[in-house]
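Report on the following structure.
Throughout, read-outs are computed from the coordinates displayed, never taken from laboratory work. No experiment lies behind these values; they were computed from the predicted model shown. Glycine also receives a Cβ, built like all others from the backbone with ideal geometry; neighbour counts cover every protein chain displayed.
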Amino acid sequence: MTGTAGLERGYRRWLRWYPRTFRREHEAEVLGVLLAGAREGQRRPDPVECLDLLRGALSMRLRPRVARAERAAVTAVRLMYLGAVVELAAAVTILATIGSVRAGMFQRNPGYPQAQWHAVVAGRLAPTAVAAGIAVAFWLWMAWANGRGHRWARILFALFFGVNAFGLGNGLAAGSAVYARADLAVGTVLCLVHLAAMALLFDQDIRRVAGHRSSAG
Amino acid sequence: MTKRTMQEATFLILTALAAGSQHGYGIVADVARISGGRVRLRAGTLYSALDRLRLDGLVRVDREEVVEGRLRRYYQLTAEGATQLATEAARFQANAATALARLGLAEGMAT
């Protein structure tokens, strides 16, 4: 009996990784299955069982809670993950190429002051890399929240698009000559990914409005 | 656009439910039986799959009962679940028939 109690306690500990809503509804049931499948005399969960529970918990916490039939919403969430990947690639590229940019700059202009280079790194490159890192986290957060169907997440994502588009437009208006070509390309790709994800996210609302209009007309 | 193929665990869970509603451990035991002991579903995998199948409308909760102080929830196939399982089974059957025919074993299958 003590062995079974210990085993049950062990399973309960691993089940804590699951979302609270899932535990509330299914913990007793999953526990029943785990105990029914336990070997005679088993005192603690097997490592394979623990890994399986951990994997199940992570999958339940991270994967979108959107039915596969809702293709538009599923694709929108995937595009958000793509946005995170593009931002991450941009951040990694900035960090990985600082050295070669510096070398190239000093080769072309040997008299370039060190202090000015430090100012460029501190004033432009470092903030851009940090901003890209924050943007990665934001894209991932939006993918997670929209994957769970939170309405506020859709609105926040739309506002985020406004900020993104404004940033791109502002940069272009400030003078495309100072706007690096690669930077412009990344900004444009992100804006297009954002726009496509937003269109898919609001797909049903757009169709509903279009339907109302056509039926009214 | 091609439809995503069903994972083996999902296919076997739906097959286990095709004969009637079953509770979690019943599904685990049935899947082991159907697969000849090759597939042993673990609780994490089973409930992850059931959660996804419920979300997709392929499976629903039939009833609950308490046996020896433990909750048992029975799951059953929905009409959509039955349709998708039939489609997938037909696809497997067609692929298997082609493979066997090309290996010259098609007659063996018929007998």
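Taken residue by residue and averaged, Cβ atoms of other chains lying within 10 Å of the Cβ of B:66-76 number 3. Using a Gaussian network model of chain A in which every pair of alpha carbons under 10 angstrom is joined by a spring, one finds that among A:Leu62, A:Leu35, A:Leu79 the greatest mean-square fluctuation is at A:Leu35. Membrane-span-like helices in chain A, defined purely by DSSP H runs whose alpha carbon atoms cover 15 Å or more axially and whose average Kyte-Doolittle hydropathy reaches 0.0, are A:47-62, A:71-108, A:126-147, A:151-173, A:181-201.
Using only side-chain charges placed at the Cβ, +1 for Lys and Arg and -1 for Asp and Glu, the dipole size of the protein assembly as shown relative to its Cα centre rounds to 460 debye.
Within the protein assembly as shown, the proportion of C-alpha pairs whose separation exceeds 36 Å stands at 44%. Semi-axis lengths, largest first, of the ellipsoid equivalent to chain B are 30, 16, 12 Å, with √(5λ) applied to each eigenvalue of the Cα gyration tensor. Within 10 Å of the Cβ of each residue in B:25-32, the mean number of Cβ atoms contributed by other protein chains is 2.
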